[in-house]
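Notes to accompany the following structure.
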Amino acid sequence: MTITGMIDSEIEILEDVTVTKYGYVLTIKGPKGEISRAFRFPRVDLEVSEEKVNIRSEFPRIREKAMVGTYDSHIRNMMYGVKHGYNYDMKVVYSHFPMKVSVKDDQVMIDNYMGGKARRYAKIVKGVKVNVKGADVTVEGVDREACGQTAANIEKATRRRGFDRRTFQDGIYIVGKGRRVSE
């Protein structure tokens, strides 16, 4: 077994984006917003300069190599998010009973699902906007993970167990996933 000395990953900082590091917390600011995240793993270091973010690990094992790649992906997603934003498209599908979908504060409310009187709720994660226009639901934000979690919460609120999805297709489904919003 040979031991390699170091694994290093460099990420160019995008134009109109600023990256700062305080302790283990990396904060990225851009035209669309700001995201902060703690990056803490033994033997993996982050260094921030004016034009690059370096992720470095000396004498890495398999876990450290994996974490360097994970950090790289997270930081790139954060930078693109604060510059362009992320977008999830969803579709309201029903066959007989029309659903009414609305947004209030930090919840999506779904009325008349399968003709039921009970209202269903889906939590909107902080920093995410949900827009409803007829049968189209749009989830937008700067944090890719928060947008994906909000879309999953909405989809889960209309999930019906014990029924074949191919036959009983009522619900709200993701049709466009995590695409970047163009400027």
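The values are calculated or read from the model by the stated rules, or taken from the named source; none is laboratory data. Computed from a prediction, not measured in an experiment: that's the story for all the values here. Quick reminder, even Gly has a Cβ in these numbers, built from the backbone with ideal geometry, and neighbours come from all protein chains shown.
Annotations for the structure displayed:
- Some residue of region 40-48 being farther than 27 Å from K129 by Cβ, of a type in the set (A, V, I, L, M), in contact with a Pro (Cβ under 9 Å, 6 or more places away or on another chain) and buried (at least 18 other Cβ atoms within 10 Å of the Cβ): yes
- Unmet criterion (only one of (1) of a type in the set (D, E); (2) closer than 22 Å to K177 by Cα; (3) assigned by TED's automatic domain parsing to the domain that holds G171) for D72: (3)
- Which numbered condition N112 misses (of (1) touching a residue at least 24 places away in the same chain (Cβ under 8 Å); (2) not assigned by TED's automatic domain parsing to the domain that holds Y24): (1)
- For region 43-64, a residue qualifies if it is assigned to a strand (DSSP E or B) and hydroxyl-bearing (S, T, Y), and exactly one does: S57.
- Note on region 9-28: among residues that are surrounded by 13 or more Cβ atoms within 10 Å (Cβ to Cβ) and of a type in the set (D, E, K, R), the one that is nearest to V82 (Cα to Cα) is K21.
- H74 meets the conditions (1) surrounded by fewer than 14 Cβ atoms within 10 Å (Cβ to Cβ); (2) free of Cβ contacts under 8 Å to residues at least 60 places away in the same chain; (3) not polar (S, T, N, Q) in every case but one. The failed one is (1).
- Per-region count, region 139-167, residues of a type in the set (S, T, Y) and modelled with pLDDT under 95: 2
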